[in-house]
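Peer 1: Below you will find the structure I want to go over with you.
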Amino acid sequence: MFAKALVPDGACLYSRRMIDRLMTGMLERVSPMRLPAARILACLLLILMGGAQAQQQAGAEGYAEEDRDWGIAATNRLRQQPYHGPTPLTIPGAQVVSTRELQAMLAGAGSPILIDVLSEGGHVTLAGAVWISGAGRGTNFMDPVQAVLAQLLAKLSGDDKARALVFFCASSQCWLSYNAALRAVALGYTKVYWYRGGVEAWGAAGLPTAKTAGKAPTP
């Protein structure tokens, strides 16, 4: 029971066969006085195998479900409320960036502009990010939000439509950054990135964070 509890469900059948083989071999080669030690060794081997498999699965899924596929189709339309919910894996006109990819981008030349579009003040954000509250809200690409965002992005980028912009919000279940990235694409920016994992994935990776302060510009 102890060994099985530490092994992922998908490994249970294989683990049972592994135990049988290990125990059979040990029973043939060890004396009765050493049987308890043989059983302990078999369990330890099984735990190690399960731990390695769990690490591989965690690596494949990224941080905080940033790579999780909920089967949601990508759309080029702005998501309306509720803004919390499963998001697509891709976004039209922009590029999805993972935690490790974003970390590499920030460490390289031509660092992108990080743009936090969460609404609540005093929240945890990525260190060095610019906070633009409300950039992911609104109804369409001709509304007042789009007009004000156009001015803010022009100022941030120095009127350079080729400047890399990374939009993020809370997690992979937050549509606000998806919407904001679509708005930037509609404005003609050519290097738009959507950090799907957001603050949750960044924190799960143990990377630098900060707290928003003051009042953010609101489109």
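The values are calculated or read from the model by the stated rules, or taken from the named source; none is laboratory data. As the structure is a prediction and not an experimental result, all values here were calculated from the model. Cβ coordinates were reconstructed from backbone atoms using ideal geometry, including for glycine residues, and neighbour counts include every protein chain displayed.
Peer 1: Scan W202, W131, W194 and give me the residue that is under 21 Å from T99 (Cβ atoms), out of contact with any helix residue (DSSP H, G or I) (no Cβ under 7 Å at 6 or more places or on another chain) and not small (G, A, S).
Peer 2: Working: W202 fails: out of contact with any helix residue (DSSP H, G or I) (no Cβ under 7 Å at 6 or more places or on another chain); W194 fails: out of contact with any helix residue (DSSP H, G or I) (no Cβ under 7 Å at 6 or more places or on another chain).
After applying the criteria, what remains is W131.
Peer 1: Could I ask something else about it? Quick one: I132 ticks every box in (1) crowded, with 21+ Cβ neighbours inside 10 Å; (2) touching a Phe, Trp or Tyr at 6+ places or on another chain (Cβ under 8 Å) except a single one, so which number is it?
Peer 2: (2)
Peer 1: Applying the selection to the range 197-215, what residues are buried (at least 24 other Cβ atoms within 10 Å of the Cβ) and at negative phi?
Peer 2: Initially, the range 197-215 is screened for residues buried (at least 24 other Cβ atoms within 10 Å of the Cβ), giving 197-198, 201-202.
Hits for the range 197-215 are G197, A201, W202.
Peer 1: Looking at the range 110-125 only, could you name the residues that are β-branched (V, I, T) and either out of contact with any helix residue (DSSP H, G or I) (no Cβ under 8 Å at 6 or more places or on another chain) or outside any loop (DSSP other than H, G, I, E, B) (or both)?
Peer 2: As a first pass, look at the range 110-125 and keep what is β-branched (V, I, T): 113, 115, 117, 124-125.
Scanning the range 110-125 gives I113, I115, V124, T125.
Peer 1: Checking W194 against (1) buried (at least 24 other Cβ atoms within 10 Å of the Cβ); (2) at pLDDT below 95: exactly one of these is not met. Which one?
Peer 2: All conditions are met except number (2).
Peer 1: Taking the options S98, S119, name whichever one is of a type in the set (S, T, N, Q) and at pLDDT 90 or above.
Peer 2: Values: S119 fails: at pLDDT 90 or above.
The match here is S98.
Peer 1: Moving on to the next point. Take Q151 and tell me if it is without any contact (Cβ under 8 Å) to a residue 60 or more places away in the chain, surrounded by fewer than 21 Cβ atoms within 10 Å (Cβ to Cβ) and more than 18 Å from the chain's Cα centre (by Cα).
Peer 2: Details: without any contact (Cβ under 8 Å) to a residue 60 or more places away in the chain: yes; surrounded by fewer than 21 Cβ atoms within 10 Å (Cβ to Cβ): yes; more than 18 Å from the chain's Cα centre (by Cα): yes.
Answer is yes for this residue.
Peer 1: Tell me which residues, restricted to the range 105-125, are on the phi < 0 side of the Ramachandran plot and surrounded by fewer than 10 Cβ atoms within 10 Å (Cβ to Cβ). Don't jump to the end; show me each part of the working.
Peer 2: Just the residues of the range 105-125 that are on the phi < 0 side of the Ramachandran plot, to begin with: 105-109, 111-121, 123-125.
Matches in the range 105-125: A107, G108, A109, E120.
Peer 1: Of the residues that make up the range 151-174, is at least one in contact with a Phe, Trp or Tyr (Cβ under 9 Å, 6 or more places away or on another chain) and of a type in the set (F, W, Y)?
Peer 2: Yes: the range 151-174 contains one or more residues that are in contact with a Phe, Trp or Tyr (Cβ under 9 Å, 6 or more places away or on another chain) and of a type in the set (F, W, Y).
Peer 1: Also, I was wondering about something else. Could you please find all residues in the range 162-178 being out of contact with any Ser or Thr (no Cβ under 7 Å at 6 or more places or on another chain) and under 10 Å from E200 (Cβ atoms)?
Peer 2: Those that are out of contact with any Ser or Thr (no Cβ under 7 Å at 6 or more places or on another chain) and under 10 Å from E200 (Cβ atoms): A170, S171, C174.
Peer 1: Scan the range 76-116 for residues that are among the polar types (S, T, N, Q), closer than 23 Å to S133 by Cβ and not assigned by TED's automatic domain parsing to the domain that holds R163 and report the count.
Peer 2: 3
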